[in-house]
Amino acid sequence: MSKANVKAFFDEVTFTLTYVVSDPVTNKCAIIDSVLDYDPDSGRTSTASADMVVDYVNAHNLKCEWILETHVHADHFSGAPYLKEKLGGKTAIGENVSLVQKTFAPIFNAEKTFAKDGRQFDHLFSDGDTFHIGEIEANVIHTPGHTPACVTYVIDGNGFIGDTMFMPDFGTARCDFPGGNAAQLYDSIQRILSLPDDTTLYMCHDYGPGGRDYEWVTTVAEQKAENIHLAGKNREQYIEARTKRDAELNLPKLIVPSVQINMRAGEFPPAEDNGTSYIKIPLNVL
C-alpha cells in the first residue's frame, strides 16, 4: 500500500491536473505539472490556480523539495517559477528538454542568448534516475512520443504519466507536435504497462468525454484491458490509427504561447526595451 499522500487540483479551464505528492513521515512534498492561469484574450496571467497549491502546502505544513514537469506542456503555462518563489524546491524535467528547446527556438526565433541545454531547470532527469521525496523513493522513466522530453514519475506505487495516456475511454496522447512520434509513444506506453497491474496511474488531463464527470485515476490493469486506443491493437495497428487520428486534429489553442513559456521552465521571455515581455506568433509555420 502506498505511503505517499496524493492531492489533486483540477483546472477546468485547461483540463489540467496538478498533483502534490507528500511523505507523511517527513512532510516533504513534490508538486507535479503546475498551472499558471492565462487569459489569451487579454494576455494577462494570474496565480489563482497556483495559490490553491500554495495554500494546501502551507496548511499541511509541507516542505516543497521538487517542482516537477512531466514534459513541456502545449496547453497551459507552468506555474513553477511562482511556486518556487513561494515554497522553494528544485524545478526538474527530463533531460531531453534540450531537444524541445532546439526544435522550438528557431520556430519562435528565440533570442540569441536563449540556452538550449535545459539549464533553465534546476535538475534534468535521465531514464532510470531515482530521487527522494522525504523518505519516499521515486523513479524516472523516459516516455517520449508525445514530446521528446516526456517522463513518467513512479512514486511509491503511483505513476504520474503526463500525456502518454488518458483515462481508458479517451485513449492516448497525440504525436503530431514537432518531435512527436507514434512509434516512440507506443513503446513508451508499453514500459508504463509493464509496471505491476495494481500501479495507480494519475492523468495529466481529463476532458470528460461523453459528458461524464472528470476523472484522473486509473490502474495499469485497467489501461491494458480498456484503453480504446490500445486494447486489441498491436504496434503497427496502433501507429497507423494514431497517425490517422492526429492528421485530423487541430493544434491546441494555447500551444504558441505555452511552449514559449514552458521551454523556459515557466519564465517569461526577456522583457524588451519598454520593459514588457512578448509572445510571438509565427505565421504559416505550425
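The values are calculated or read from the model by the stated rules, or taken from the named source; none is laboratory data. Since the structure is predicted, the reported quantities are computational estimates derived from the model, not experimental observations. Cβ: placed from backbone, ideal geometry, glycine included. Neighbour counts: every protein chain shown.
Numbers for the structure displayed
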| read-out | value |
| --- | --- |
| Pair list, Cβ < 7 Å and 6+ apart or interchain, from the range 223-238 residues that are surrounded by 13 or more Cβ atoms within 10 Å (Cβ to Cβ) to residues that are charged (D, E, K, R) | I228/D169; H229/R242 |
| Residue within the range 140-150 that is buried (at least 23 other Cβ atoms within 10 Å of the Cβ), in a strand (DSSP E or B) and modelled with pLDDT of 95 or more present | no |
| Enumeration of residues in the range 256-277 that are among the aliphatic types (A, V, I, L, M), in contact with a Pro (Cβ under 9 Å, 6 or more places away or on another chain) and in a loop (DSSP other than H, G, I, E, B) | A265 |
| Residues being of a type in the set (S, T, N, Q) and either assigned to a helix (DSSP H, G or I) or within 17 Å of N181 (Cβ to Cβ) (or both) - total across the range 235-253 | 2 |
| Selection count where residues are under 25 Å from G157 (Cα atoms), in contact (Cβ under 8 Å) with a residue 12 or more places away in the chain and part of a helix (DSSP H, G or I), scope the range 180-222 | 12 |
| Leading residue by the ranking (nearest to T199 (Cα to Cα)) among those in the range 157-171 that are part of a loop (DSSP other than H, G, I, E, B) and in contact with a Ser or Thr (Cβ under 8 Å, 6 or more places away or on another chain) | G157 |
| Residues of the range 257-275 classified as touching a residue at least 60 places away in the same chain (Cβ under 8 Å) and not polar (S, T, N, Q), total | 10 |
| Unmet requirement for E111, which otherwise passes all of (1) within 17 Å of Q260 (Cβ to Cβ); (2) crowded, with 17+ Cβ neighbours inside 10 Å; (3) of a type outside the set (S, T, N, Q) | (2) |
| Test: T200 is in contact with a Leu (Cβ under 8 Å, 6 or more places away or on another chain) and either modelled with pLDDT of 95 or more or among the charged types (D, E, K, R) (or both) | no |
| Filter pass, T47 being within 21 Å of I279 (Cα to Cα) and polar (S, T, N, Q) | yes |
| Test: residue in the range 74-85 that is more than 16 Å from the chain's Cα centre (by Cα) and either among the small types (G, A, S) or within 20 Å of D163 (Cα to Cα) (or both) | no |
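Conditions (1) in contact (Cβ under 8 Å) with a residue 60 or more places away in the chain; (2) among the acidic types (D, E); (3) in contact with a Cys (Cβ under 9 Å, 6 or more places away or on another chain); (4) surrounded by fewer than 16 Cβ atoms within 10 Å (Cβ to Cβ), marked per residue:
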position: E12; (1), (2), (3), (4): yes, yes, no, yes
position: V21; (1), (2), (3), (4): yes, no, yes, no
position: L36; (1), (2), (3), (4): yes, no, no, no
position: A48; (1), (2), (3), (4): no, no, no, yes
position: V54; (1), (2), (3), (4): no, no, no, no
position: V57; (1), (2), (3), (4): no, no, yes, no
